[in-house]
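> The structure is given below, and queries will be raised subsequently.
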Amino acid sequence: MLVGVQERTIEFGRCRPRRSCPVRSSIVFQPERPSSRMPLPQNLFFKVSKAVHGTSLPPIPQAYKWAASYVPTKSRPILDMSQGVPGLPPPKSVLDALGNYASDPKSCGYCPMTGEPKLRDSLAREIKHVYGCDADVLGDDIALTAGCNMAFVTAVMSLADSGDEVILPVPWYFNHQMTLQMLGVTTVPLPTYSKEGFQPSPELCEKLITPKTKAIVLVSPNNPTGAVYRPALIASFASLSKKHGVALIIDETYRDFITNDVPHHLFVPGHLQKTDCKEFHLPEDWSWRDTFIHLFSFSKSYCVPGHRLGAIIAPSGVMDQVKTVLDCLQICPPRPIQLALQSSLPDLRPFIQENARALAHRHELFRSLLPKTWRIGSQGAYYAFVRHPFTGISATEVCRRMATETGIVTLPAAFFSPETKHASTQALDAYEHGDQWVRFSVANVDDERIKAVCKRLHEIESEFGWEVDAA
Ligand SMILES: Cc1ncc(COP(=O)(O)O)c(C=O)c1O
């Protein structure tokens, strides 16, 4: 419930109301996100981009600003659960190879625009390992990028023009929304609900599709909710996208942290889908090559976020567009990391699996130690999305006090949500997570820190002096 939050009704950006859309007129939001706009630059003889100026400030530094006013002690250090970064380096073999290639004059030059062919072929083989041996992906279907964020910008620039629309489930990965905003592409929010485990609804999504829609974007496993979308749900979105002639972009940065299932079956042609896969609702003539764009990051699976490597797998008709964009944005992806990984991806599978198991264990530990008054809405891969128990207090205020007074750094759901609201009951329901939900990243803390976080969460219930929700 939105209690104690000053309500404002603001029209939703550039989005106009749509016919047959029950949720668009019901958008709710928490206005408490601190200074989410850049200050206008002073003392310049020229003007800056309106689109960039109109984009929210990156949220992580805002959380770190809160944390900066906490005075850590040896017994009470900062407990940073805000950023989705790996908590360990890659294996020594990767570090050694990186060092060797970085100091080799031969790797100082450009490589082909879409990346080293050997790594692309190797990644195509990993696709078969992860998605099944019938997955139909070749090295030439892949372009390597300087990280997955670069892959997203490239995909959107390849598909959409200013004024077009892209549908994003809410809460969203904020860089996706920020990118769309900077490109002048309208973000159409698709609400998801805690009672549905933050799984997006294809039926609701269909109502948001207009002639301007260029793509539906999913993130699975999700950032910020951690929700893992079932293959059947992803298949429904694929069918929907095909039916309406829009692209389905799935950011699968966290795909290797699914420990009990394949991420989806979209890479398998319709005629090769197993009979028991019928429940996945993929049409007989399904081919990923006319509908689907897959985005991947090496940052999390291989623990190399600073070396900037990602990938985009796109239909050949889009690949020419992708190459044009990449030629301008990056010319080629960073070389030493490509060379370091190109022969070793299969050897690194045990490392990835072990990390995925360790994270799953840490999620369990977190769930078992969290005070019962804090309710987990969804959990998976790097993140747990948790409802705080304080009556009438926004998650932003809870996160601010947790960071400044107890050194627990987290992000409120308002950082992952639209900044506009409409004051209808339906809207309160739609954006409930904008009020009370907090994202905890379990990736870059060890088990001891998880225990320390949960202990402090118990303590703050009395220390903060707020009424605790009995429900
Ligand atoms: C969903 C999602 N996509 C992309 C990225 C960024 O990946 P990269 O480091 O490869 O740019 C992140 C990082 O947190 C993410 O959560």
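The values are calculated or read from the model by the stated rules, or taken from the named source; none is laboratory data. Values in this document were obtained by computation on a predicted structure and should not be read as measured data. Cβ coordinates were reconstructed from backbone atoms using ideal geometry, including for glycine residues, and neighbour counts include every protein chain displayed.
> Of the residues GLU165, GLU196, GLU126, GLU203, which single one is among the charged types (D, E, K, R) and within 16 Å of the ligand (Cβ to nearest atom)? Steps first, answer last, please.
On the way: GLU165 fails: within 16 Å of the ligand (Cβ to nearest atom); GLU196 fails: within 16 Å of the ligand (Cβ to nearest atom); GLU203 fails: within 16 Å of the ligand (Cβ to nearest atom).
Testing whether each residue is among the charged types (D, E, K, R) and within 16 Å of the ligand (Cβ to nearest atom) leaves just GLU126.
> Hey, among SER316, SER236, which residue is away from the ligand (no atom under 15 Å from the Cβ), touching a Pro at 6+ places or on another chain (Cβ under 7 Å) and among the polar types (S, T, N, Q)?
Details: SER316 fails: touching a Pro at 6+ places or on another chain (Cβ under 7 Å).
After ruling out the rest, the residue left standing is SER236.
> Among all residue pairs at least 6 apart or on different chains, which show Cβ distances below 8 Å where the first residue, located in segment 38-54, is not assigned by TED's automatic domain parsing to the domain that holds SER162 and the second is surrounded by 10 or more Cβ atoms within 10 Å (Cβ to Cβ) and basic (Lys, Arg)?
Final answer for the pair search is HIS53/ARG37; GLY54/ARG37.
> Sticking with this one: Among the residues of segment 225-268, what is the count of those that are hydrophobic (A, V, I, L, M, F, W, C) and part of a strand (DSSP E or B)? Break it down into steps so the answer makes sense when it comes.
Step one: of segment 225-268, the residues hydrophobic (A, V, I, L, M, F, W, C) are 227-228, 232-235, 237-238, 240, 246-250, 257-258, 262, 266-268.
Now restrict to residues that are part of a strand (DSSP E or B): 247-250.
Within segment 225-268, residues that are hydrophobic (A, V, I, L, M, F, W, C) and part of a strand (DSSP E or B) number 4.
> Right, another one. Of all residues being polar (S, T, N, Q) and out of contact with any strand residue (DSSP E or B) (no Cβ under 7 Å at 6 or more places or on another chain) in segment 340-375, which is surrounded by the fewest Cβ atoms within 10 Å (Cβ to Cβ)? Just the residue, please. Before you say what the answer is, go through the steps one by one.
To start, the set of residues in segment 340-375 that are polar (S, T, N, Q) comprises 342-344, 353, 355, 368, 373.
Next cut, out of contact with any strand residue (DSSP E or B) (no Cβ under 7 Å at 6 or more places or on another chain) only: 342-344, 353, 355, 368.
On the way: GLN342: 19, SER343: 12, SER344: 17, GLN353: 13, ASN355: 20, SER368: 9.
Across segment 340-375, the extreme among qualifying residues is SER368.
> Looking at segment 54-86 only, could you name the residues that are within 15 Å of the ligand (Cβ to nearest atom) and among the small types (Gly, Ala, Ser)?
ALA63, SER82, GLY84
> Let me ask something additional. Select from segment 394-427 the residues that are more than 25 Å from ASN222 (Cβ to Cβ) and modelled with pLDDT of 95 or more and list them in ascending order.
Initial filter on segment 394-427 (more than 25 Å from ASN222 (Cβ to Cβ)): 401, 404-407, 423-425.
Residues satisfying the conditions are ARG401, THR404, GLU405, THR406, GLY407.
Each row is one residue, and each column tells you yes or no for (1) of a type in the set (Ser, Thr, Tyr); (2) within 13 Å of the ligand (Cβ to nearest atom); (3) farther than 24 Å from SER378 by Cα; (4) in the same structural domain as MET113 (by TED's automatic domain parsing).
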site	(1), (2), (3), (4)
ARG230	no, no, no, yes
ASP261	no, no, no, yes
PRO269	no, no, yes, yes
LYS274	no, no, yes, yes
LEU282	no, no, yes, yes
ASP285	no, no, yes, yes
ARG289	no, no, yes, yes
PHE296	no, yes, no, yes
TYR302	yes, yes, yes, yes
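> Do the conditions hold for SER220, that is, is it small (Gly, Ala, Ser), within 11 Å of the ligand (Cβ to nearest atom) and at pLDDT 95 or above?
Judged against the criteria, SER220 is a match.
> Let me ask another. On the basis of being away from the ligand (no atom under 16 Å from the Cβ) and either small (Gly, Ala, Ser) or within 27 Å of LYS214 (Cα to Cα) (or both), does SER343 make the cut? If you could, list the steps in order and put the result at the bottom.
Numbers: away from the ligand (no atom under 16 Å from the Cβ): yes; either small (Gly, Ala, Ser) or within 27 Å of LYS214 (Cα to Cα) (or both): yes.
Considered against the rule, which asks whether it is away from the ligand (no atom under 16 Å from the Cβ) and either small (Gly, Ala, Ser) or within 27 Å of LYS214 (Cα to Cα) (or both), SER343 comes out as yes.
> Looking at segment 241-256, can you tell me whether even one residue there is small (Gly, Ala, Ser), modelled with pLDDT under 95 and away from the ligand (no atom under 13 Å from the Cβ)? Spell out how you get there, then give the answer.
Going through segment 241-256, the residues small (Gly, Ala, Ser) turn out to be 241, 245, 247.
Next, only the ones that are modelled with pLDDT under 95 stay: none.
No: segment 241-256 contains no residue that is small (Gly, Ala, Ser), modelled with pLDDT under 95 and away from the ligand (no atom under 13 Å from the Cβ).
> Quick one: which of ASN100, ASN175 is within 16 Å of the ligand (Cβ to nearest atom) and assigned to a helix (DSSP H, G or I)?
Details: ASN100 fails: within 16 Å of the ligand (Cβ to nearest atom).
Step by step, each of ASN100, ASN175 is checked, and only ASN175 is within 16 Å of the ligand (Cβ to nearest atom) and assigned to a helix (DSSP H, G or I).
> Assuming CYS133 fulfils every condition listed in (1) part of a helix (DSSP H, G or I); (2) without any contact (Cβ under 8 Å) to a residue 12 or more places away in the chain apart from one, which condition is it?
(1)
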